[in-house]
RNA sequence: GGGCGUUUAGCUCAGUUGGCUAGAGCGCUUCCCUUACAAGGAAGAGGUCACUGGUUCGAGUCCGGUAACGCCCA
């Protein structure tokens with residue numbers, strides 16, 4: 001083995017071996033209980049970003065551990081066809097050649113996207129492999145592959161037949177750049193400073209006027225009414241009158257409607273039914289016409305008269321200019337308002353009346369809330385449940401049709417002869433009503449999330465009752481960032497319950513977003529995005545994974561610090577060298593893959609084994625609770641601060657002594673081996689490499705999860721450690737060279753100190769210890785005390801006696817403070833009465849301990865003279 | 001406007017049934033190239049846990065309020 005660890009060399013070789021061995025298939029544990037996770041499918045044309053790395057690292061920890069625990073553990077991978085995103089990517093490529101999708105036509109364009117997918121879709125899979133994620137590639141799925149598309153068709157038809165999908169004219173959000181309708185949650189609202197323009201509309205009868213205010217003056221071209229609140233005294237007489245719409249000259253009524261916000265602005269609002277959701281509702285109640293004045297290109301329609309053909313923003317200025325010229329503008333004021341943007345391309349969306357397909361969500365909500373309410377499924381952390389409930393409560397119907405070419409075509413056909421709508425999985429040959437044969441399929445495709453929402457069961461073969469569906473559905477855990485709870489998680493629950501009558505997963509593990517080091521969101525445009533593969537190349541995939549998991553406190557965002565990744569890499573080097581050390585003392589390949597704990601461990605061996613047992617148990621408990629950062633922290637500190645810093649050092653002496661060597665060698669082997677196994681889900685590559693060096697039997701990826709036995713530690717090690725630390729500190733504070741041997745006279749009436757300490761003290765602290773009781777003359781010594789145990793150091797020739805004084809004074813002051821605190825507690829009569837007995841007893845013990853210590857320290861100080 | 005989150009060492013963050021002499025990584029100081037590792041070891045400095053009021057024998061931890069920052073929804 002090399003003296004240092006080279007991540008690149010280690011990480012290039014194992015994935016293929018794992019795959020060839022089939023260890024990522026649940027079939028490696030044919031008799032195991034099933035445990036399953038489906039991956040949140042990344043966009044097929046995308047690249048993995050650091051958020052994916054976190055998301056998948058968490059899943060890999062879960063699944064690798066379950067696999068090692070003997071479960072038939074399935075982690076199902078795949079990708080999402082990502083309608084708009086993918087279409088945009090391919091369109092951009094075409095644009096480089098000066099082409100638009102319309103130049104190709106639908107069929108050739110879709111072929112082009114498939115070609116793109118074939119070429120680039122594999123990139124994601126390579127990236128998943130690069131980071132070592134243990135997905136079962138034999139079960140890989142794509143939201144647009146045959147089986148999943150059939151599931152989509154099936155679901156659409158079922159929902160349609162159940163009246164849960166309908167087609168209707170509603171106000172939708174239109175993206176003029178993507179040329180498609182969007183759902184509510186695909187619109188991002190941003191606060192912007194705009195101008196609120198107050199416009200005067202004169203009564204047609206010339207008796208006065210009403211003033212309305214708008215941030216979008218161009219929409220006035222499509223006004224078909226003015227509305228006021230029915231309780232608004234100011235407009236009591238105005239209701240029923242008409243006004244003449246400026247510029248257009250249309251006579252439109254003033255109506256009273258409860259939807260108008262009382263006391264906002266002037267109290268009168270213009271009503272543009274074709275371009276505002278609230279106005280549309282008002283128009284429905286008053287039977288008002290809807291006039292479209294903005295088209296799908298965001299240009300003014302012919303209904304806009306002289307403004308026809310102008311872009312909406314140009315028209316905004318032009319309309320205002322014209323209104324001003326004609327004297328209709330009363331006032332223009334600055335105004336903060338939120339403007340919707342397309343979440344895919346950032347273009348300002350246009351609310352627009354449009355004929356689209358919708359999912360009626362009302363009847364689906366209740367059943368989807370129940371499993372969370374009654375605990376059949378849970379969010380981790382729990383607080384996300386409230387967000388989920390609140391969001392579900394005021395969920396509006398979901399616009400699912402998209403005017404794109406890349407996606408599942410809506411399975412609806414229109415009969416040219418009789419206007420019948422035929423919704424069917426299979427393409428109908430003739431009209432079901434008039435038998436006409438002139439049928440046109442709906443041009444639109446479905447929202448990507450319509451297929452994603454079926455992912456937990458469609459990937460397993462649903463609606464067929466396949467063996468996989470039978471065995472692995474419902475899944476056990478879903479791991480995702482909080483930003484797609486609404487897009488994805490909520491809908492999977494709705495559809496899962498509706499179609500399979502089961503909640504699609506039990507534990508919904510919500511993690512945070514990875515942020516840039518400055519705490520801001522990572523984004524390409526800000527230029528602070530970090531590519532996980534650059535990090536993997538520089539520090540290793542293992543280091544990246546370890547760093548992410550160390551930081552992954554439940555549900556919290558993670559600012560990415562390169563220092564952490566570097567520290568994680570250094571940990572890798574430390575582990576590497578710990579194994580090198582172990583291999584100096586145990587034969588390569590001689591450590592069994594499981595078991596092999598010593599029958600008769602020595603004191604240091606029993607100590608580390610007892611710690612290993614305790615830490616492994618804690619680690620397991622924390623992982624069961626999905627507390628990754630706590631779990632990893634435990635193991636990391638045990639490995640470094642206890643095993644490497646103490647046990648390995650103590651072992652150096654122990655293996656030199658024939659009486660203890662065998663047990664220590666054996667212990668060393670199994671402790672390091674168990675560390676490798678316990679760390680394997682976190683840092684799979686390095687542990688596999690080291691396993692091959694140390695164990696040489698099979699793969700750690702397929703090894704048994706360690707269950708170190710409970711070993712009783714006879715004691716003595718902690719006291720020895722305290723003594724060593726005390727000596728080291730004494731040495732450091734007096735600036736004594738490590739080469740200066742220190743004499744130690746041990747006084748041990750309770751027989752705590754053991755013979756083997758002598759060698760350890762010599763090795764760990766360059767101490768020559770004798771066990772012959774306290775010195776005849778105590779003066780001129782300083783001493784260590786721990787309970788009845790005392791150790792004296794003669795100061796003569798070592799340090800100036802006076803120089804030891806400040807040390808003692810400092811120790812006295814500290815102890816006095818602690819004593820005062822404990823006495824304060826005990827001095828409170830309520831404390832003794834009300835605090836639990838063990839807490840009180842503990843406090844009494846402390847007081848005794850501090851008193852004893854103080855007494856000795858004071859004696860010492862006096863002895864120094 | 002409503003909801004949620006955050007505020008702990010110089011920096012970035014842990015701290016889940018209230019018992020803490022408050023931890024980690026990085027940074028800093030001193031010493032050490034000791035035969036696993038200088039990508040290391042040893043020792044150390046550094047915190048009135050945002051502020052405020054309360055509950056409690058006891059609060060970083062629970063409750064109320066304030067402030068700053070962030071996110072989501074309208």
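The values are calculated or read from the model by the stated rules, or taken from the named source; none is laboratory data. On a predicted model such as this, the values are computed, not experimentally measured, just so you know. Don't worry about glycine lacking a Cβ; one is built from the backbone with ideal geometry, like all the others, and counts go over all protein chains shown.
It is to be established whether one or more residues within segment A:65-77 are at pLDDT 95 or above, assigned to a helix (DSSP H, G or I), within 16 Å of RNA strand B (Cβ to nearest atom) and surrounded by 19 or more Cβ atoms within 10 Å (Cβ to Cβ).
For segment A:65-77, residues at pLDDT 95 or above, assigned to a helix (DSSP H, G or I), within 16 Å of RNA strand B (Cβ to nearest atom) and surrounded by 19 or more Cβ atoms within 10 Å (Cβ to Cβ): absent.
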query = Out of segment A:735-773, which residues are assigned to a loop (DSSP other than H, G, I, E, B) and within 10 Å of RNA strand B (Cβ to nearest atom)?
reply = A:735, A:736, A:737, A:738, A:739, A:766
note = Across (1) in a strand (DSSP E or B); (2) within 16 Å of RNA strand B (Cβ to nearest atom), residue A:783 clears everything bar (2)
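Of all residues in segment A:41-57, which are assigned to a helix (DSSP H, G or I) and touching a helix residue (DSSP H, G or I) at 6+ places or on another chain (Cβ under 6 Å)? Talk me through it step by step, then tell me what you get.
Keep residues of segment A:41-57 that are assigned to a helix (DSSP H, G or I), which gives A:50-57.
Selection gives A:50, A:53, A:54, A:57.
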ask   = Restricting segment A:794-820 to residues that are over 14 Å from residue A:858 (Cα atoms) and surrounded by fewer than 15 Cβ atoms within 10 Å (Cβ to Cβ), which is nearest to RNA strand B (Cβ to nearest atom)?
value = A:817
request  = Select from segment A:383-406 the residues that are free of Cβ contacts under 8 Å to residues at least 24 places away in the same chain and either in contact with a strand residue (DSSP E or B) (Cβ under 7 Å, 6 or more places away or on another chain) or under 30 Å from residue A:104 (Cβ atoms) (or both) and list them in ascending order.
outcome  = A:385
query = Looking at residue A:9, is it within 16 Å of RNA strand B (Cβ to nearest atom), over 22 Å from residue A:72 (Cβ atoms), touching a residue at least 40 places away in the same chain (Cβ under 8 Å) and surrounded by fewer than 20 Cβ atoms within 10 Å (Cβ to Cβ)?
reply = no
request  = Starting from residues that are under 14 Å from residue A:507 (Cα atoms) and touching a helix residue (DSSP H, G or I) at 6+ places or on another chain (Cβ under 9 Å), keep the ones in segment A:375-395 and report whichever is nearest to RNA strand B (Cβ to nearest atom).
outcome  = A:384
task = Go through segment A:104-161 and give me each residue that's without any contact (Cβ under 8 Å) to a residue 60 or more places away in the chain and either buried (at least 21 other Cβ atoms within 10 Å of the Cβ) or on the phi > 0 side of the Ramachandran plot (or both).
result = A:105
query = If you go through segment A:566-610, how many residues are under 20 Å from residue A:701 (Cβ atoms) and surrounded by fewer than 20 Cβ atoms within 10 Å (Cβ to Cβ)?
reply = 7
key: Residue count for segment A:513-537, restricted to those that are within 16 Å of RNA strand B (Cβ to nearest atom) and either at pLDDT below 85 or out of contact with any helix residue (DSSP H, G or I) (no Cβ under 8 Å at 6 or more places or on another chain) (or both)   = 14
Unmet criterion (only one of (1) in a loop (DSSP other than H, G, I, E, B); (2) without any contact (Cβ under 8 Å) to a residue 40 or more places away in the chain) for residue A:425 = (2)
query = Among the helices (runs of 4 or more DSSP H) confined wholly to segment A:613-727, which include 2 or more residues that are more than 14 Å from RNA strand B (Cβ to nearest atom), within 30 Å of residue A:743 (Cα to Cα) and touching a strand residue (DSSP E or B) at 6+ places or on another chain (Cβ under 9 Å)?
reply = none
message = On the basis of being out of contact with any helix residue (DSSP H, G or I) (no Cβ under 9 Å at 6 or more places or on another chain) and either within 14 Å of RNA strand B (Cβ to nearest atom) or not in a helix (DSSP H, G or I) (or both), does residue A:590 make the cut?
response = no
ask   = From the list A:497, A:510, which residue is in contact with a helix residue (DSSP H, G or I) (Cβ under 7 Å, 6 or more places away or on another chain), within 12 Å of RNA strand B (Cβ to nearest atom), at pLDDT 90 or above and under 30 Å from residue A:362 (Cβ atoms)?
value = A:510
inquiry  = Looking at (1) touching a residue at least 24 places away in the same chain (Cβ under 8 Å); (2) outside any loop (DSSP other than H, G, I, E, B); (3) farther than 19 Å from residue A:141 by Cα, which one does residue A:95 not meet, given that it meets all the others?
reply    = (1)
query = What are the residue pairs meeting all of these: first residue in segment A:540-551, first residue assigned to a loop (DSSP other than H, G, I, E, B), second residue within 12 Å of RNA strand B (Cβ to nearest atom), Cβ atoms under 7 Å, and 6 or more apart or on different chains?
reply = A:540/A:7; A:540/A:569; A:540/A:572
query = Does residue A:317 satisfy being more than 16 Å from RNA strand B (Cβ to nearest atom), within 23 Å of residue A:261 (Cβ to Cβ), exposed (fewer than 15 other Cβ atoms within 10 Å of the Cβ) and over 29 Å from the mean Cα position of the chain (by Cα)?
reply = no
ask   = Of all residues in segment A:821-848, how many are surrounded by 15 or more Cβ atoms within 10 Å (Cβ to Cβ) and near RNA strand B (Cβ under 7 Å from one of its atoms)?
value = 3
message = For segment A:308-336, which positions are part of a strand (DSSP E or B) and farther than 21 Å from residue A:177 by Cβ?
response = A:329, A:330, A:331, A:332, A:333, A:334, A:335, A:336
ask   = Is it the case that residue A:543 is surrounded by 16 or more Cβ atoms within 10 Å (Cβ to Cβ), farther than 30 Å from residue A:346 by Cα and away from RNA strand B (no atom under 14 Å from the Cβ)?
value = no
note = Going through (1) touching a strand residue (DSSP E or B) at 6+ places or on another chain (Cβ under 9 Å); (2) buried (at least 19 other Cβ atoms within 10 Å of the Cβ); (3) not in a helix (DSSP H, G or I) one by one, residue A:282 fails only at (3)
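Does segment A:440-460 include one or more residues that are within 16 Å of RNA strand B (Cβ to nearest atom) and either more than 27 Å from the chain's Cα centre (by Cα) or without any contact (Cβ under 8 Å) to a residue 40 or more places away in the chain (or both)?
no
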key: Pairs, first in contact (Cβ under 8 Å) with a residue 12 or more places away in the chain and closer than 18 Å to residue A:517 by Cα in segment A:553-581, second near RNA strand B (Cβ under 8 Å from one of its atoms) and part of a helix (DSSP H, G or I), C-beta under 6 Å, six or more apart   = A:553/A:629; A:558/A:551
request  = Go through (1) in contact with a strand residue (DSSP E or B) (Cβ under 6 Å, 6 or more places away or on another chain); (2) touching a residue at least 60 places away in the same chain (Cβ under 8 Å); (3) buried (at least 18 other Cβ atoms within 10 Å of the Cβ) and name the single condition residue A:413 misses.
outcome  = (2)
